[in-house]
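Since the structure comes first, as structure tokens, the remarks are kept for the end.
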Amino acid sequence: MIYYLNQETKPPRPVITQKKPVIKPILPITNPKKPNIPPTNSPSPPRSPIINFLPNISIPDPEFIHCPAAEVFYEPAAIETPKFPALKPINAPTDYGWLTDDNLEFILTNHPRIQEALTKQKQFTLRTDIANIYNCFYKAQNNQDWDLPEFLQELEWNKAEYVLFPLRVSGNHWGLFILQNLTFGEECSNYQVYYTSSGWGIESEVKQLKPFISQITELENNIQILQGDKQKDGYNCGVYLVFYILELLETGQLELKRKYTSSDCQNFRWEWKQKIGGEKWCKWD
């Protein structure tokens, strides 16, 4: 390394210059113009039925192309019906109908789980003569004569300890009263009465039931309330009635612990509306 005492005699440092790269603009690609071919007076050649495919398109072998014969017809009747049941549409409107006597009688006598539970357990039996039960209840409530001996004879106490009675209280609300034979299997009978419904005014419903119960068992002041899950609206009492009956039969216990949602009710309604038919669903005769 050389040191210069006189800085003025120091040779200047060479300056290195670097050329900046030249960026060329990207021009759009345009199709080249076709040369202008002067028109000729000769007629146009006939079009060929042969299609000229582009070289990058594969042409299938004609031997593997199947075309149906002209005599073959496809009709909707020939299409097989799906074997799986229809599901509730996601956007189906909410069903607000009130289940009638005929609706509930049909459901209770045709519900597969209810019928299966009736055959498996011996604690409960179910009365499905709903119109007859309401008729007896109405006459007893209004101090009218009705055939009490025949009603008692139809109880069939020798079949089960508990008898379930679906009952239309106030004419437009479904409840369930239960008669228990405390001396089941014996010749004499000693009864206990229970009542339940999905309504919020269950105490007032029990008051309406007392005239009927007093003529059957003379226990009008000894009706015990069986509490269960309550409906969230004013039209699903019949649906909850079926839920209550199903729970009692499947568990074999005199208690109601299951919880139900609005979706449970709507799915139930959709299923049984399809089975009963829209012309009879929630329609009074």
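Since every read-out is calculated from the coordinates, none of them should be taken as a lab result. Note that the structure is a prediction, hence the values are computed from the model and not measured. When we count neighbours, we look across all protein chains shown, and the Cβ atoms used for this are built from the backbone with ideal geometry, even at glycine.
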Listing 100, 217, 261 from the residue with the fewest other Cβ atoms within 10 Å to the one with the most, what is the order? 261, 217, 100
Calculated P(r) tail over 30 Å for the stretch 101-276, as whole % of Cα pairs: 13 percent
Share antiparallel - DSSP beta bridges, the stretch 101-276, percent rounded to 5: 70 percent
Which ordering of 246, 179 is given by a fewest-first count of other beta-carbon atoms within 10 Å? 246, 179
Once label points are set 7 Å from the Cα along Cα→Cβ at both residue 194 and residue 128, what is their separation, rounded to one decimal in nm? 2.2 nm
Using the number of other C-beta atoms within 10 angstrom as an exposure proxy, rank 240, 260 with the fewest first. 260, 240
For the stretch 101-276, what number of Lys pairs, 8 or more residues apart or on separate chains, have alpha-carbon atoms under 20 Å from each other? 9
Would you mind calculating the gained length between residue 285 and residue 262 on full extension (0.36 nm times residue separation, minus the Cα-Cα distance), in nm to one decimal? 5.5 nm
Extension length gain for residue 203 and residue 91 (0.36 nm per residue less Cα distance), in nm, is 36.5 nm
The stretch 101-276: relative contact order in percent, alpha carbon pairs under 8 Å with at least 6 residues between: 21 percent
Name the residue farthest towards the positive end of the dipole of the stretch 191-285 from the options 277, 197, 244, assuming +1 on Cβ of Lys and Arg, -1 on Cβ of Asp and Glu, about the Cα centre. 277
Full-extension gain in nm, residue 250 to residue 144, via 0.36 nm per residue minus C-alpha separation: 34.4 nm
